[in-house]
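The structure appears below as structure tokens.
The values are calculated or read from the model by the stated rules, or taken from the named source; none is laboratory data. Being a predicted model, the structure only gives us computed values, none of them experimental. Note that each Cβ is placed from the backbone with ideal geometry, even for glycine, and that neighbours are counted across all protein chains shown.
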Amino acid sequence: MKKNRLDYFATAALVLTGLITVASSAQETSLRILSPASGVVARPGQSVTITVSASSAVEKLVLIGQHPIGMARLAIDGTAGMVAHGQGEGHPLQFLLTIPKAIQPGRYRVTALGRTSDGVVESNAVALDVERSDQPARIWTEPSIIHFTHVGDQIPVRVLGAFADGSRAELTRSSNTTFASANPRVASITTSGMVTAVEEGRTSILVRTPSADYSVPVRVQEER
Amino acid sequence: MRTWIFLLCAAVLSLCVTSLFAQPQKQTLDFKDFAGPSRFDAAQPPVREGYAVVSGGEVLRNSWLAPAKTAVYGTSSDCAGCSPEISIHFNQKVSDVRLSLHSAHVLAISYTAENEQGELQKINLPEGFRPGSDALELPFQNIRQITIADSAPDWTLTLDSVIFATGSSPILIDPVVARLLNGPAVTTNVNAIAAATTGFVQGTAADGTTQIVVRIPAANAGQSFTISVINDQGQTSTSVPNDGGLMALGANLNTLASSLAVTAVSTLKGAEAFAIYRGPVNFSRGSQDDDLTTRSVSLSEVSTGGTTNTAVTVARPPVVLVHGLWGDASSFDDFTPLITDANFSISYAVYDAPITGITNTVPTFSSSIESMIEANSLGFAYNAPGVLTQIANFIAAYRTTTNVAGVKADIVSHSMGGDIARTSFLLKGFLANNTFGAGPINKLITIATPHLGTPVAADMLTNSNSCVRNTLAGYGDIALQSVTFSGHTAHGAVVDLVGDGFGGGLSAALKSLKTVQPFPTAYIAGIATSTNLNSLNCLLCNAEALRVLCSGNPLAKALTAKNWPKIFGQDNDTIVPLDSALNNLTGLQYSGVIHTAGLENLDFDGPSVLDAAPNISSEVVTLLNEAPTGSDFH
């Protein structure tokens, strides 16, 4: 039986801190999310079935999605609630994870947490790429103007979109949103939208989605 | 010769003195400081720069329609809400307007001129504008508005580089934008002020700090002017706090008065007189102002040659919302009516950037949990500089988009956001010169901020609650004592929030804030009741799952309606004790609310302090209208 990455991690580090103890090699513990694959696209409001393999040493386990998704419900006929018991690797468990309708597009981590007689174990993590099925009719940013007064300062750019159905959503972390600086020598930008003042001058930050773009003027002018 | 003309003119027309002797100055409106898409999508609010206000369309940047330009202004039938007509309104009379104009259609052009009696006359240019030209010239005087209209069904036009001459009236200059500060005060170098060609504004924010320069063209050095503040009832002001006040260049703030005598001096740009106007200390003077976006005063400049009046827009300071631990801008998504109140210019300071390059955390987490750590899990000292930078930038953006001067913002903070705002005062750059040495925070409103910590913080960091801690980390709520990344170690947020809630056991970060009250602060606290806790006793639910999964952890055991209040030993919002939220002072208290909507994932029942239902948002609007010296501010 192959130990998952967390088992090794916990054995090597956590036991030393006394924070988490894990099953010893004498009683192998396995807790893995089998499906879906990491990076799968999900829609706001959709329910996603997550299949988890848990060895019988896992006495109790839950499946948790990163905020605002929350805890999954068991999807086993005749079983209610959120806490499952490890059934062995040949008997995977199914959870139903409901993606909230009001969720910002982006990648959300899902993981299973289990408890054994020796402590807590954590599964591999999978990322759900939550994206709307429609594209924004227009986008804009907050802030709409960036004025740095010190080289090295950083300001995050938030991307907001308006959709044909009248709704709005923050798109900063959507995998469909990209950022670029017209002149990285003046101001650079990370893939998550953090702008850094590099040297005095003017440039602009270009934000793109498949259906719309937006340019934000940037000025770096040292306060004297 | 100039004196001769002046005397003749003064005898005949009292209003023409400045128009004859002013030093005409060119202003250019080029849109490069404004954001926009590369193709038409939707109408924007009017663009305000210097004396001009352009409306009807939107700014395009990097557009194929104008490949050689950074930014242009335009309108099109493809633009939702755009008008086939672009209007350029000038706040004072200008002359000799020239602009670049592009369209495939014949355009109708008209302008409105204002005569000496203030009467407006609209004049149509019979030839209009024809395709193939790339410039429109209006070599006329006293222009107050230009209208450019495309009557084609598929209208599209763009313009840029609007150049016009001013100089016939007193000018208001933002010394921060025009770089006319000497330390934290306006320079007394009159040649520098006379030479300023940027920073022309229409008014100032009512923050009791912002100063603007009044530059008055004169016939000659030695000419005397008496400047008076006229209130919005047309009366000479008797209240500096309500209407703002005047002082001489280089004078002390305690000399602010409703009127001021100044004498013109020689400058490299000719004879000019100068004064400083500092705006009101608060926007709202009472209920009559509570529903306004702006109000106005005017400056009356009386000299032997006549009287001019300069309108001054008085605007609300911008408002910046600062979220709390593990939060982001969406924390305020339901905080209505404030966030949808068009009277306020609202921005969000966020600190939720991913933290990369982590080499160690205390307590330890799996690498996949580490990959979820964001700045909102880190402490006050790590986040305060970024929040302060954002506040300063929002104020700068406010100046650009509203075309009024302003150096301060009102801060509305939730939870740890209030601690971070207070920590910003401890930073070296807080009392920056470009805030006249006063700092960028006008007043602070804290909602459920643990000023004295919370016992939950210490509980979260104890070994006995490791299961709860790891489970909550799965949600992204990562309780940290410290994080080492990219070569340096930062406090975790949760360790900074340690305190018993009564004032004891404070973390070092909270101790450093204990005596800090640098700006007027109002406190709002939530108090949970049994209705917020009863669902904790649920079966087959989140709370039960945590109790079952983490049985033996004290925090899991406490996750019942009966046990949770015992953590605090006083009223609380399920996370922050009452005394802590009020900083052991007085404040506003709301019953039946929980700390944050995220707790509903653990089966606490809302509403939260940031939901619309408890009306805390309405109370915040009231506090934003209240003077910083009001009874709710400490």
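Things to note:
- Yes/no for B:Glu114 being among the acidic types (Asp, Glu), outside the structural domain of B:Asn309 (by TED's automatic domain parsing) and touching a residue at least 12 places away in the same chain (Cβ under 8 Å): yes
- Some residue of the stretch B:184-191 being touching a helix residue (DSSP H, G or I) at 6+ places or on another chain (Cβ under 9 Å) and over 23 Å from A:Gln221 (Cα atoms): no
- From the list B:Thr629, B:Thr596, B:Thr586, the lone residue that is closer than 22 Å to B:Gly499 by Cα, under 30 Å from the mean Cα position of the chain (by Cα) and surrounded by fewer than 21 Cβ atoms within 10 Å (Cβ to Cβ) is B:Thr586.
- The residues listed here are A:Gly166, A:Gly152; of these, the one that is more than 30 Å from A:Leu128 (Cβ to Cβ) and in a loop (DSSP other than H, G, I, E, B) is A:Gly152.
- Hits in the stretch B:408-438 (condition: within 14 Å of chain A (Cβ to nearest Cβ) and of a type outside the set (A, V, I, L, M)): B:Ser424, B:Lys428, B:Gly429, B:Phe430, B:Asn433, B:Asn434, B:Thr435, B:Phe436, B:Gly437
- Taken as a whole, the structure places B:Gly128 among residues that are in a strand (DSSP E or B) and free of Cβ contacts under 8 Å to residues at least 40 places away in the same chain.
- Scope the stretch B:333-384; condition in a helix (DSSP H, G or I) and either within 30 Å of B:Asp289 (Cα to Cα) or at the interface with chain A (Cβ under 8 Å from one of its Cβ atoms) (or both); matching residues: B:Leu338, B:Ile339, B:Thr340, B:Ser367, B:Ser368, B:Ile369
- Subset of the stretch A:34-70 (residues that are under 14 Å from A:Gln94 (Cβ atoms) and either touching a helix residue (DSSP H, G or I) at 6+ places or on another chain (Cβ under 6 Å) or more than 11 Å from chain B (Cβ to nearest Cβ) (or both)): A:Leu34, A:Ser35, A:Pro36, A:Ser47, A:Val48, A:Thr49, A:Ile50, A:Thr51, A:Val52, A:Ser53, A:Ala54, A:Val62
- Selection within the stretch A:173-195 - in contact with a Gly (Cβ under 7 Å, 6 or more places away or on another chain) and within 11 Å of chain B (Cβ to nearest Cβ): A:Arg173
- Pick from the stretch B:385-407, criterion of a type in the set (A, V, I, L, M) and farther than 17 Å from B:Arg48 by Cβ, ranking: farthest from the other protein chains (Cβ to nearest Cβ): B:Val407
- Meets criteria (assigned by TED's automatic domain parsing to the domain that holds B:Phe40, under 19 Å from B:Lys26 (Cβ atoms) and out of contact with any helix residue (DSSP H, G or I) (no Cβ under 8 Å at 6 or more places or on another chain)) for B:Glu137: yes
- Of all residues in the stretch B:360-400, those being under 30 Å from B:Ile171 (Cβ atoms), in contact with a Ser or Thr (Cβ under 7 Å, 6 or more places away or on another chain) and of a type in the set (Val, Ile, Thr) number 0.
- Here the stretch B:172-221 is the region considered, the condition is being among the charged types (D, E, K, R) and part of a loop (DSSP other than H, G, I, E, B), and the residue that is farthest from B:Phe519 (Cα to Cα) is B:Arg179.
- Scanning the stretch A:196-214 for residues that are within 10 Å of chain B (Cβ to nearest Cβ) and touching a residue at least 24 places away in the same chain (Cβ under 8 Å) gives A:Ala197, A:Ile205, A:Leu206, A:Val207, A:Arg208, A:Ser211, A:Ala212, A:Asp213, A:Tyr214.
- Any chance B:Val281 is β-branched (Val, Ile, Thr), touching a residue at least 40 places away in the same chain (Cβ under 8 Å) and either at positive phi or assigned to a loop (DSSP other than H, G, I, E, B) (or both): yes
- Output for the stretch A:113-152, where each listed residue is within 8 Å of chain B (Cβ to nearest Cβ), within 30 Å of B:Val59 (Cβ to Cβ) and either free of Cβ contacts under 8 Å to residues at least 40 places away in the same chain or not small (Gly, Ala, Ser) (or both): A:Arg138, A:Ile139, A:Trp140, A:Thr141, A:Glu142, A:Pro143, A:Ile145, A:Ile146, A:His147, A:Phe148, A:Thr149, A:His150
- For the stretch A:101-112, filtered to residues that are part of a loop (DSSP other than H, G, I, E, B) and more than 14 Å from the chain's Cα centre (by Cα), the residue that is nearest to the other protein chains (Cβ to nearest Cβ) is A:Ala102.
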